[in-house]
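Scroll down for the structure; my scribbles are underneath it.
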Amino acid sequence: MITIDSFKGKVVAITGAGAGMGKEAAVLYAKNGADVVVNSVTESAAQTAKECEAAGGRAVFVQGDVSDEAVSKKIIDTAIETFGKIDVLVTAAGVVRPGSVDQLEEEVVDEVLGVDVKGVIFTSKYAVRFMKEHGGGSICHVASAACLYGVKNRSIYTAAKGAVVALTKAMAMDHAAYNIRVNALCPGATLSPSMNQRFADSEDPEGMRAGFIANHPIGRLCEPIEQAYGILYMTSDEASFMTGQNLILDGGVSL
């Protein structure tokens, strides 16, 4: 059972921590005793860092696009330089772009694969290098339930998240001997500023929202904090025998 101080003395780095489940996870880690490095491509995660500090943890903000390897390296280097180590990595940064394959422009493909796949690889690369030399650690990659079934008009996003799930399994095999656990989270539709904006931009916002809800047997959309609890569980000592797995928190949509 995850309780207060479950992550006391641990150092956590989270990409995509400016909003949604990434932000909620960062604050939840801080409440549970962790020091946190938060990242976002905009300045939004600077506010997350303040909320982490208000929750009782130490926090630092690193701005930048994780598809740039130098930014990914800086996130991990900042954790080590500021707090002395990196125990947990959460890769929550991601972008969603529409389109079937016949509609995709090269720049859209590059953008989605850059953030959703390359960013995961780059941050993992530098976190694993440290963890291998310092007794291990835990990594959670945020994928999506979308990669478990066909999603209309989301071809590159679905493909990218499928790659994350496959990468999770490969990393788990490669690094288990170093006491590094690697797992993935597959969320269903989770409320966030970007999702709310998608609803607002549609021709029928309420109809679109109702359609999303109807796809989930549980009868509602997920709150970001619910996904954050899943992230914390997978990276906690309570999940010490779990690696290479997908935790599917999707309200039944993949059924």
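The values are calculated or read from the model by the stated rules, or taken from the named source; none is laboratory data. Remember, predicted model here, so these are calculated numbers, not experimental data. We place every Cβ from the backbone using ideal geometry, glycine too, and count neighbours over all the protein chains shown.
General remarks:
- Of all the residues in the stretch 53-74, those that are in contact with a Ser or Thr (Cβ under 6 Å, 6 or more places away or on another chain) and under 22 Å from G114 (Cβ atoms) number 3.
- Among residues of the stretch 188-210, those that are in a loop (DSSP other than H, G, I, E, B) and surrounded by fewer than 11 Cβ atoms within 10 Å (Cβ to Cβ), counted: 2
- Meets criteria (within 16 Å of G16 (Cβ to Cβ), without any contact (Cβ under 8 Å) to a residue 24 or more places away in the chain and of a type outside the set (D, E)) for A46: yes
- Selection status of G162, part of a helix (DSSP H, G or I) and not assigned by TED's automatic domain parsing to the domain that holds S44: no
- The residues of the stretch 138-156 that are crowded, with 23+ Cβ neighbours inside 10 Å and of a type outside the set (A, V, I, L, M, F, W, C), listed by number, are S138, H141, S144.
- Index of the failed condition, T48 passing every other in (1) under 19 Å from D116 (Cα atoms); (2) of a type in the set (V, I, T); (3) surrounded by 24 or more Cβ atoms within 10 Å (Cβ to Cβ): (1)
- Leading residue by the ranking (farthest from the chain's Cα centre (by Cα)) among those in the stretch 166-204 that are within 13 Å of G94 (Cβ to Cβ) and hydrophobic (A, V, I, L, M, F, W, C): M195
- Between G188, G162, G136, G119, the distinction of being over 26 Å from S254 (Cα atoms) and of a type in the set (G, A, S) belongs to G136 only.
- The condition of being surrounded by 16 or more Cβ atoms within 10 Å (Cβ to Cβ), in contact (Cβ under 8 Å) with a residue 12 or more places away in the chain, within 22 Å of G150 (Cα to Cα) and of a type outside the set (F, W, Y) holds for only one of A59, A79, A92, that being A92.
- Of everything in the stretch 26-45 that is among the small types (G, A, S) and within 19 Å of K85 (Cα to Cα), the residue that is surrounded by the most Cβ atoms within 10 Å (Cβ to Cβ) is A26.
- I225 vs. criteria hydrophobic (A, V, I, L, M, F, W, C), in contact with a helix residue (DSSP H, G or I) (Cβ under 9 Å, 6 or more places away or on another chain), buried (at least 20 other Cβ atoms within 10 Å of the Cβ) and at negative phi: no
- Hey, I75 within 25 Å of L232 (Cβ to Cβ) and assigned to a helix (DSSP H, G or I) or not: yes
- Among the residues listed as I156, I80, I121, the single one being within 13 Å of the chain's Cα centre (by Cα), more than 17 Å from A17 (Cα to Cα), modelled with pLDDT of 95 or more and in a helix (DSSP H, G or I): I121
- Single condition L89 does not satisfy, out of (1) closer than 23 Å to A143 by Cα; (2) at pLDDT below 95: (2)
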